[in-house]
Amino acid sequence: MELSGGVPRVFLQLMADAGSYAAIRGRRGWPLPEDLDDAVADSADSFRRLLLPGDTAAVARVAGTSGAELDLDRKVRLLSHGVLLERMRNGRLELEVHPLLADTVPTGGNTYA
């Protein structure tokens, strides 16, 4: 699932939360798209609450780069919480913003494939 950012833990959490929404609505079986939409909204809110002052600008600035200019404490915190994701592209390390923060952190066309 693209919205998980390719992180299995986030994918499983989204699916579990969607199942919970389906159960709350009295449905059994697979969750419906609206259940997943609610789970995604909750997860996006959780990611946004992880951001501290200055994070949005810093994350937008380093998206698509190695992040070498990002101060180490901030970089470690954002990577450990999954706000930033490391990808190898064309033999080089690049940081990207988690897809659930795409509406919060404008990155000038950063894609999540």
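Bear in mind that the values in this text are calculations on the coordinates, not laboratory data. The model shown is predicted, which means the values in this text are computed figures rather than measured ones. Here Cβ is always computed from backbone atoms with ideal geometry, including for glycine, and neighbour counts include all displayed protein chains.
Structural remarks
- Region 1-102: GluC sites (Glu not before Pro) falling in loop per DSSP and having at most 14 other Cβ within 10 Å: Glu69
- Cut-off under 5 Å, modelled amide H: who pairs with Arg27 long-range: none
- Cβ charges +1 (Lys, Arg) and -1 (Asp, Glu), total dipole of the chain, debye: 240 debye
- The chain, helix-only ellipticity at 222 nm - DSSP H runs n ≥ 4, -39,500 (n - 2.57), divided by all residues, nearest 500: -14000 deg cm²/dmol
- Here the chain is treated as a Stokes sphere of Kirkwood radius computed over C-alpha pairs; at 37 °C and 0.692 mPa s its diffusion coefficient rounds to 220 µm²/s.
- Charge dipole of region 34-79 about the Cα centre (unit charges at C-beta), most positive-ward option of Thr56, Gly67, Ser43: Gly67
- Fraction of alpha-carbon pairs over 17 Å apart in region 55-101 - percent: 20 percent
- Over the C-alpha atoms of region 1-46, the Rg to Rh ratio, Rh being the Kirkwood estimate, stands at 0.96.
- A Förster radius of 30 Å, combined with the Cβ-Cβ distance separating Asp71 from Asp37, puts the computed FRET efficiency at roughly 0.25.
- Along the chain, longest interval not containing exposed trypsin sites (Lys or Arg not before Pro), exposed being DSSP loop plus at most 14 other Cβ atoms within 10 Å: 29-113
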